[in-house]
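Single-structure report; data block below.
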Amino acid sequence: MRIRGRTVLAAALALGTVGASGVALAVGRPAGPAVATGATGGAWSAGVDPVAEEAPAAIGAGDRAAAPAAPRPAPVVTRPAAQVAQAAPASVSYLSERYRVTPGEAARRLALQELSAPLADTLAARFPGSYAGMWLDQAGGGVLTIAATDPTPVAGAVAGLPDARHVTVVPVRHSRRDLDAAATRLADTLGVTAGRDVLVDERANELLVLTGDAVPADDTRLAGALGSAGVPVRAQARLDGAAIPKACDPRYCPQPPMRGGIRLDVPRDDGTVGGCTSGFNVRAKSGRYYVLTAGHCVVGGRHQRVDDTWHQFLGPKVPVGVESTTPVLAENAFPYDYAVLPYAEGAATRWAYPRRSVGSTPSLVNYWCVADNPACATRGSRDVPVTGVTAYSAVQAGWVVCATGSAYTPKAGEQYVDSGAGAGYLPGTRCGEVIGKASGGIDVRVCARPGDSGGPLFTESDGRALGILNNGDPGEGPCTNPEEKNTYAPVSVILDRLNGRTGLDFQIATRGPLLAPPTGSSRR
């Protein structure tokens, strides 16, 4: 049958069988032989019965309570590879250029990427004592690699998936559940935060302690804590010594609505002007809209006063936001590097949609074409609707992602605030690959320059928000280093931190910003 233009046909793949009980993964695909190319879409959902190794002990009639029923996972729609590719031309171009593959092969990889996050959730729920993580191996042929302490049942569970010949299961020693538990214990021992200072490296199947801030590199407790972790663990500096903040001036895009990827100029205490790039629109439970950017844009040595932000400070000097002090909505301690800016007096009207357009006003990321983004030859600049947030825990190495920045260095005689990007750098959108999460953020192979800070990282095909730019490899001028690494603070981590501190229930906006915000000061 047809559901909103996508074919959804009933088919089932057994995940496991225990006596009379079974676990099924329903896969939507055409009848007949299994499709291994990922060319067709559909819907699949996990069953709810546990497999043998994960099943709780049976509860007899004399026991106090029956085992609670597991919640039924919601079906997940998978899209045909051609449809994914149509929505993500720059991602296709990146894979084609980087790995010398055909557009059809690139589309297959992107379709597998879309499937991987919900698949990870399913396997973690079905095999908590065995599942240990997954990643996309782009250099190895676009293979989704799944780690498990007991590979056999997990391999059986995924054997009938679309594109199963590009899915492999490898043996490891420690499950993700055990690594997470060890990370929590180690973080407690060191008095730091699991997920920020103590991370799980799925590909290495070990823990990573990040040193240099919360955990000093010469901390006398470190050696003993690492030795007693019970799982492999290594320590490394959070930031490479050569990493520099991407803080300076964004470029220009004065027409409303406010969107991710435009320039925000920030006058400093010493009279100079710095700046960043807008990341995403944010909405509080109250209905008020804000702009998310990097915290180091307004918190730091030259930002002791309450900062105002402008668009094109040298003219026409359009007001945007103001640093919030009641409550404080900014931090500069990676990965908590965020500033949630309320609109300045009157600026919300300047940057918003009319409320009458609420039915057709998705929140946007500005997709700004540059010459070194090959897809621009066929698609051109456009806006990408933001559809939600992908959790940091779900982001996988090998994913193809896109980022927008607005750093700029003016040409000779041009009246413009210099961001320090270097002559020849073109502000706009580029796509690349997630190479890891060893910094506590999202490490990507995407070019960026000072002035791109706070700019959005997102998946092009589905408009999911991932992060905002924090730091990266040094460099200036044109993007000539294909191995350049930059790091993004995860949006989901920022929101959890922000909401835990304020209770204001901030979310990345998928609609608006709209006119007629709630009554009250626009500075808070």
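The values are calculated or read from the model by the stated rules, or taken from the named source; none is laboratory data. None of these values were measured; they are calculated from a predicted model. Positions of Cβ are generated from backbone atoms using ideal geometry, with glycine treated the same way; all protein chains shown enter the neighbour counts. The area values use the complete protein model at the heavy-atom level, side chains included, leaving out ligands, DNA and RNA. Shrake-Rupley method; radii C 1.70, N 1.55, O 1.52, S 1.80 Å.
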- [ ] Name the shape class, rounded, prolate or oblate, that the alpha-carbon gyration tensor gives for the stretch 400-524, where a ≥ b ≥ c are the square roots of its eigenvalues, rounded holds for a/c under 1.5, and otherwise prolate holds if a/b is larger than b/c and oblate otherwise.
- [x] oblate
Open item on the list: Within 10 Å of each candidate Cβ there may be at most 16 other Cβ atoms; applying that plus a DSSP loop requirement, which trypsin sites (Lys or Arg not before Pro) in the stretch 280-333 survive?
Closed with: K285, R302, R305, K317
Open item on the list: 7 Å from Cα along Cα→Cβ at both E483 and A204: what's the point-to-point distance in nm?
Closed with: 1.8 nm
TODO: For A235, enumerate residues with amide H under 5 Å from its amide H, sequence gap 5+ or separate chain, H modeled in the peptide plane.
DONE: V209
Open item on the list: So if I place +1 on the C-beta of Lys and Arg and -1 on the C-beta of Asp and Glu, and nothing else carries charge, what would the dipole magnitude of the stretch 420-492 be about its Cα centre? I want it in debye, nearest 20.
Closed with: 120 debye
TODO: Calculate the radius of gyration of the Cα atoms of the stretch 166-210 to one decimal place, then report Dmax, the largest Cα-Cα distance, as a whole number, both in Å.
DONE: 11.7, 42
TODO: Jot down the radius of gyration and Dmax of the stretch 286-413, Cα atoms only, both in angstrom.
DONE: 17.3, 47
TODO: Could you tell me which of the pairs K411/K485; K285/K437; K317/K437 are separated by over 32 angstrom between their Cα atoms in the structure shown?
DONE: K317/K437
TODO: Apply 1/(1 + (r/R0)^6) to the Cβ-Cβ distance of N499 and D269, taking R0 = 22 Å, and write down the FRET efficiency to the nearest 0.05.
DONE: 0.15
Task: Where the stretch 196-291 is the region considered: accessible area per residue in Å², 1.4 Å probe - done: 37 Å²
TODO: With all protein chains present, calculate the accessible area of D496 using a 1.4 Å probe and round the result to the nearest 10 Å².
DONE: 120 Å²
